[in-house]
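Worksheet for the structure shown next.
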Amino acid sequence: MNAIFCLILTFLVSFSSYGQNLIQEEMVQTLNTIKHNFKNYYAPTKWKEEFAGWNLNEEISKLQTEILNDQNIKVKKFHSLLANFFRSTKDYHVSFSLLRTEKARLPFMIKGAENKYVLAYIDRKKLSIATFPFKAGDEIISFAGRPIQDVIAELKVNEGGNTSETDQTLAEMLLTTRIASRGMQVPSGPITIGIKKENDVNVYYRQLIWEHREESIDYSGVEDLLKNDDKNFVLAYDKKELN
C-alpha cells in the first residue's frame, strides 16, 4: 500500500519567553512534529536502527543542536538541514519537497561510463551547433573549473548516500539541474565547461549561462516578523512514504 503524507506546519507562537529566539523555537517545534510523524508512520525506523545504525532521536538531536547554536539562522539554512535529515535515512522511498521555487538548469545532459562522462543530450533549440559545436558522445572534462569526476562525486555524497549505482545516476541528472526544493544550492550566471571531441586530443572550453529561476517565496519578511515577536510562522514540507 502506498501512504502519502503532506503536512503544512503552521504554528501560533505564545507570548511566553523562550531561552532561544522565536525562529529557533518554531524550528525546534517543526523538528518535534517531524520526529512524531517518523516515529508513528515510518515503518523501517526500528529496522534502520538495528541494521543500519540510523537512530531517529540522534538525528533529530543533531539538527536541534545546529539550530540552537545559530542565533541568526535563516529559513534557507533550516531547509538545508531538513534535507540532510531526510537523506540520512538512506531510503529512496523517503522523498521530500521544501517550499522553495528557485531552480537552475543547463540545456544538456550527461551519461557516465568507466569514470568518463559524455554528452548524452543537447537541447539544440537553446544551444545551436554554431555556438556549441559538440555532439552526443563528446567527453566532458571539466565543469566550473573542476574535474567532472570530482563534481559528480560531490553530488553523490550530498544528494545520495545510499546505493552507489542509483546515487551515480541521480548525480548525473542533477549535474545540470539544481532544485532548491531538494535543499540544493542553486547557481546562477556563467559557467565554463571543458569538452573533448571524439577522436580529438584537444580540450575546448565554452561558457554557458545557467537558466535561472528566481526564488518567488520571500522568507525574509517572516524572519523579520518573528524577530519582532510576531505570532505567525509557517514552514512546510512534503514527505512521501512508499511501502
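The values are calculated or read from the model by the stated rules, or taken from the named source; none is laboratory data. Computed from a predicted model, the values in this text were never measured in an experiment. As a convention, Cβ positions derive from the backbone with ideal geometry for all residues, glycine included, and neighbour counts pool all protein chains shown.
A few comments on the model shown:
- In the set (1) at pLDDT 95 or above; (2) in contact with a strand residue (DSSP E or B) (Cβ under 7 Å, 6 or more places away or on another chain); (3) loosely packed, with under 12 Cβ neighbours inside 10 Å; (4) farther than 28 Å from Thr101 by Cβ, the condition left unmet by Asn243 is number (1).
Residues are listed down the side, and each one gets a yes or a no for (1) closer than 15 Å to Gln24 by Cβ; (2) assigned to a helix (DSSP H, G or I); (3) touching a His at 6+ places or on another chain (Cβ under 9 Å); (4) of a type in the set (Phe, Trp, Tyr):
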site: Glu50; (1), (2), (3), (4): no, yes, no, no
site: Trp54; (1), (2), (3), (4): no, no, no, yes
site: Glu58; (1), (2), (3), (4): no, yes, no, no
site: Gln64; (1), (2), (3), (4): yes, yes, no, no
site: Asn72; (1), (2), (3), (4): yes, no, no, no
site: Phe85; (1), (2), (3), (4): no, yes, no, yes
site: Lys90; (1), (2), (3), (4): no, no, no, no
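- Test: Phe11 is at pLDDT below 90 and in contact with an Asp or Glu (Cβ under 6 Å, 6 or more places away or on another chain): yes
- For the stretch 193-218, residues that are part of a strand (DSSP E or B) and closer than 14 Å to Phe134 by Cβ total 10.
- A single entry from Asn40, Asn21, Asn72 fulfils the requirement of being within 22 Å of the chain's Cα centre (by Cα), at pLDDT below 95 and polar (S, T, N, Q): Asn72.
- Cβ pairs under 9 Å, 6+ apart, first in the stretch 132-155 and free of Cβ contacts under 8 Å to residues at least 40 places away in the same chain, second loosely packed, with under 13 Cβ neighbours inside 10 Å and of a type in the set (Gly, Ala, Ser): Val151/Ala144
Residue-wise test of (1) part of a strand (DSSP E or B); (2) surrounded by fewer than 17 Cβ atoms within 10 Å (Cβ to Cβ); (3) of a type in the set (Gly, Ala, Ser); (4) out of contact with any strand residue (DSSP E or B) (no Cβ under 6 Å at 6 or more places or on another chain).
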position: Ile67; (1), (2), (3), (4): no, no, no, yes
position: Lys77; (1), (2), (3), (4): no, yes, no, yes
position: Thr101; (1), (2), (3), (4): no, yes, no, yes
position: Ala104; (1), (2), (3), (4): yes, no, yes, no
position: Met109; (1), (2), (3), (4): yes, no, no, no
position: Val118; (1), (2), (3), (4): yes, no, no, no
position: Tyr121; (1), (2), (3), (4): yes, yes, no, no
